[in-house]
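Step one of this worksheet: look at the structure below.
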Amino acid sequence: TRINSALDVRSQFPAIENWHYLDSAATAQKPQVVIDAITTAYARDYATVHRGVYERSAAMTASYEAARAAASGLIGGQPNEVVFTRGATEAINLVARSLPKEGRNRVLLSQLEHHSNIVPWQLAGYEVDAVPLTVDGRINLDAAEAMISEEHRVVAFAHVSNVLGSILDTKRAAEIAHSKGALLLLDGCQAVPRIPVDVASIGCDFYAYSGHKLYGPTGIGCLWGRYDLLNALPPWQGGGSMIDRVTFAKTTYLDAPMRFEAGTPHIVGAVGLNAAVNWVEGLTLDAVHAHECALVAECRAALSGVGGVTLYGPEDSAGIVSFNVDGVHPHDTATILDDVGVAVRAGHHCAQPLMDVLGVPATARASFAAHSDSSDIEALVRGIEQVKRIFG
Ligand code: PMP
């Protein structure tokens, strides 16, 4: 079946006119409402937050805090449970650096993690154990159950894989982590723009995501944490806005989340993120997910039909299809696709350990968004046929 943009939002994205953008997993294009919100914030409403006594600063503070409530509400959290960070990367670094180890020196990750959910733990001095994958590219939770021990402080998994699109059984992951007293951190970068998320029903302890993959601006993301846990963590960066009282002898800190937001924050980033959250909530994530599932099915069928294309990941991937044209380096594939106006990512996707597991140096990856439609897949297939002719 041909999906002629069931969501019908393509015209709201000014930057993809006459372009087949299939790299939304790297970063999402922005709908006009988000661009307008950012422009208005600078052109009409701009002032600092949390300090000014004048009215415009108070209004900007209210917008900034409204954005926090929206960003947390989107994933089922409370307003004070979200720390604004630069992105998911910084959110995971915050937890890795701040969380007291309490005598547990290991973290349990999986073989499909993004480097941003591997390297922060290594830098923080943890020993890493990596759960293997099932044949169709999911985190093998039977294996995780066998591997978890009381030495693990944290279990940290991608909610949706940025390479394979596989969706984690998050409730089971939470049960496994908690069975040995470990905390569960979910890297929700690819999940939040693609599927409904509810941290309360998952039962996770931390959840990280980036605004720019959710149709919002770069430079802003969220760390959600259960409030008691978040408020027990020590600060990790010092400066203005995060203190209660400073003297040369001793400084005390504000409660979470402010304790973790040293310095002037990304004010307009928050405003843009709020607009993005509203926009996507207007579509509903159920509808976005259904739309992307249909596109994945169409794309996998079309690429299989071409022949000589290897597909990775499960059939029910959330909006992401990694593939290789047999005998062709994915960089060559992506370069030829670029010539015909199709943008895909080619490389290791910041998941080098996963490439080792797949036994390939790299893959090409087509990833969808709310604006994607069958014309993108048709262009992709025409491009792949061209690749095969050139390298045939
Ligand atoms: N985790 C996953 C699964 C991702 O896809 C990405 C972005 N590619 C990140 C983490 C890092 O996000 P950011 O670069 O926005 O901090």
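The values are calculated or read from the model by the stated rules, or taken from the named source; none is laboratory data. Just so we're clear, the structure is a prediction, and the values are computed from it rather than from any experiment. All Cβ positions, glycine included, derive from the backbone under ideal geometry; neighbour counts span all protein chains shown. For accessibility, only protein heavy atoms count, side chains too; no ligands or nucleic acids. Shrake-Rupley method; radii C 1.70, N 1.55, O 1.52, S 1.80 Å.
At least 1 residues being over 28 Å from ALA191 (Cβ atoms) is the threshold, and among the strands (runs of 3 or more DSSP E) wholly inside the stretch 244-357 those reaching it are 251-253, 320-325. Please specify each residue of the stretch 178-209 satisfying the condition of being small (Gly, Ala, Ser), closer than 18 Å to ALA276 by Cα and part of a loop (DSSP other than H, G, I, E, B). Hits for the stretch 178-209 are GLY188, ALA191.
Here is the figure for the stretch 160-186: residues that are in contact (Cβ under 8 Å) with a residue 40 or more places away in the chain, within 22 Å of LEU94 (Cβ to Cβ), within 12 Å of the ligand (Cβ to nearest atom) and open to solvent by less than 10 Å² (accessible area, probe 1.4 Å) total 2. Taking the stretch 108-140 as the range and being within 15 Å of the ligand (Cβ to nearest atom) and assigned to a loop (DSSP other than H, G, I, E, B) as the test, the residues that pass are GLN111, LEU112, GLU113, HIS114, ILE118, GLY137, ARG138.
Considering the stretch 261-294, the residues that are touching a residue at least 40 places away in the same chain (Cβ under 8 Å) and in contact with a strand residue (DSSP E or B) (Cβ under 9 Å, 6 or more places away or on another chain) include one that is nearest to GLY347 (Cα to Cα), namely GLU292. Restricting the search to helices (runs of 4 or more DSSP H) fully inside the stretch 15-107 and requiring at least 1 residues that are open to solvent by 10 Å² or more (accessible area, probe 1.4 Å), hydrophobic (A, V, I, L, M, F, W, C) and closer than 30 Å to LEU380 by Cβ gives 32-43.
Scanning the stretch 350-375 for residues that are surrounded by fewer than 24 Cβ atoms within 10 Å (Cβ to Cβ) and touching a Lys or Arg at 6+ places or on another chain (Cβ under 7 Å) turns up HIS371, ASP373, SER374.
When the criteria are applied in full, PRO193 fails the requirement of being touching a helix residue (DSSP H, G or I) at 6+ places or on another chain (Cβ under 9 Å), open to solvent by 10 Å² or more (accessible area, probe 1.4 Å) and either without any contact (Cβ under 8 Å) to a residue 40 or more places away in the chain or not polar (S, T, N, Q) (or both). Candidates ASP142, ASP129, ASP136: the one that is in contact with a strand residue (DSSP E or B) (Cβ under 6 Å, 6 or more places away or on another chain) and open to solvent by 30 Å² or more (accessible area, probe 1.4 Å) is ASP129.
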